[in-house]
Amino acid sequence: MSAPARFEAALFDMDGLLVDSEPLWRAAEIDVFGRHGLVLTEEQCRSTQGMVIVEVAHHWYARAPWSGSSPDEVALEVLDAVGLLVDERGAPMPGAVEALAACRDRGLRLALASSSPVWLIDRVVAHLGLEGVFEVRCSAEHEAAGKPDPAVFLTAARTLGVAPARCVVFEDAPAGVRAAKAAGMSCVAVPERPHDPVFGEADVVLGTLEDLDDAVWARLEGSPAGGDGQGR
C-alpha cells in the first residue's frame, strides 16, 4: 500500500508507547526520591510523565527541597535504576512492533522522539530488537526544554527533512500530545489512562497500538490539523 498523500513520516514516543516502561519509571522515582526523603505517590509520578527526568527532579526539589544530592544527581540515580529495570522487565507494548511495521509498509519514514536520554533510547531499542527500524533517534535532553515543548518533535522532522504538517506523532502522555499539536503535527494518542482531557486534543485516540488499522489512517487523512477531539 502506498503512503497516504498527507503523511511522509511517523514520529514515535518511546516510554509507555513502544516499551512498557512507565511502571518502571514510577517504581524508580518512588524508590530513589524516597531515599532522599521525598515520598511520592504513583499519581504524583504520573503528573510529570513525559517530562525530561532532570526537569522532574527540579520540579519536585522546588516543591520539597531535600538535603545532600543535587536534583541533577538524583535524576542520574533514577536513570540508572530505570536502565536496570528495563533490562530486567522491559517488554514491548501491545501492537508496538506491528504498528512500526505498518507505518513502514505505508512508506512512512520513522523517527523516535523521546524525553529519555540517548543512552537509554539506544538501550531500549537494542533490548526490543528494533535496531535499524528508525531513521532518526532524537532525545529531548538535547533541547532547551522537554515535552510539552515541541522542540524534540521539530528536531526529528527537521532531521528527516519532512515538514511538520506531513508528520504524524504517536504518543501516550498528555505532555507528548501537547508537544505534537504545538509542533503542528497530527497526533495519535494511546494513553494509559484516557480520562485526561488533554487527549481530546489528539486527532485519534486508540486503546492500544493494536487498534491501528486502515480506518484509523482514513480518519487521520480526513481530520484537520487541530484534531477532531473525538477520541476513539
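The values are calculated or read from the model by the stated rules, or taken from the named source; none is laboratory data. In this text, all values refer to a predicted model and were calculated from it rather than measured experimentally. Backbone-built Cβ (ideal geometry, glycine too); neighbour counts: all protein chains shown. When the accessible area is computed, the model is the full protein with side chains, heavy atoms only, and any ligands, DNA or RNA have been set aside. Shrake-Rupley method; radii C 1.70, N 1.55, O 1.52, S 1.80 Å.
Values computed for the structure shown
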read-out	value
Every residue from the range 34-59 that is outside any loop (DSSP other than H, G, I, E, B) and in contact with an Asp or Glu (Cβ under 9 Å, 6 or more places away or on another chain)	ARG35, GLN44, CYS45, ARG46, ILE53, VAL54, VAL56, ALA57, HIS58
Failed item in (1) open to solvent by 20 Å² or more (accessible area, probe 1.4 Å); (2) out of contact with any helix residue (DSSP H, G or I) (no Cβ under 6 Å at 6 or more places or on another chain), with HIS58 passing the rest	(2)
Given (1) surrounded by 18 or more Cβ atoms within 10 Å (Cβ to Cβ); (2) in a loop (DSSP other than H, G, I, E, B); (3) touching a residue at least 40 places away in the same chain (Cβ under 8 Å), index of the condition ARG6 fails	(1)
Tally, over the range 166-181, of residues that are open to solvent by 10 Å² or more (accessible area, probe 1.4 Å) and farther than 14 Å from ALA10 by Cβ	4
Which numbered condition GLU192 misses (of (1) open to solvent by less than 40 Å² (accessible area, probe 1.4 Å); (2) within 18 Å of ALA96 (Cα to Cα); (3) in contact (Cβ under 8 Å) with a residue 60 or more places away in the chain)	(1)
Restricting the range 27-83 to residues that are of a type outside the set (A, V, I, L, M) and in contact with a Ser or Thr (Cβ under 7 Å, 6 or more places away or on another chain), the residue that is farthest from GLY146 (Cα to Cα)	HIS36
Filter result (under 15 Å from ALA28 (Cβ atoms) and open to solvent by 60 Å² or more (accessible area, probe 1.4 Å)) within the range 64-76	GLU73, LEU76
Checklist (1) open to solvent by 20 Å² or more (accessible area, probe 1.4 Å); (2) touching a helix residue (DSSP H, G or I) at 6+ places or on another chain (Cβ under 6 Å); (3) not β-branched (Val, Ile, Thr) applied to LEU40, failing item	(1)
Sole exception among (1) part of a helix (DSSP H, G or I); (2) within 20 Å of GLU8 (Cβ to Cβ); (3) open to solvent by 10 Å² or more (accessible area, probe 1.4 Å) for GLY184, by number	(1)
Some residue of the range 136-152 being part of a loop (DSSP other than H, G, I, E, B), among the aliphatic types (A, V, I, L, M) and open to solvent by less than 50 Å² (accessible area, probe 1.4 Å)	yes
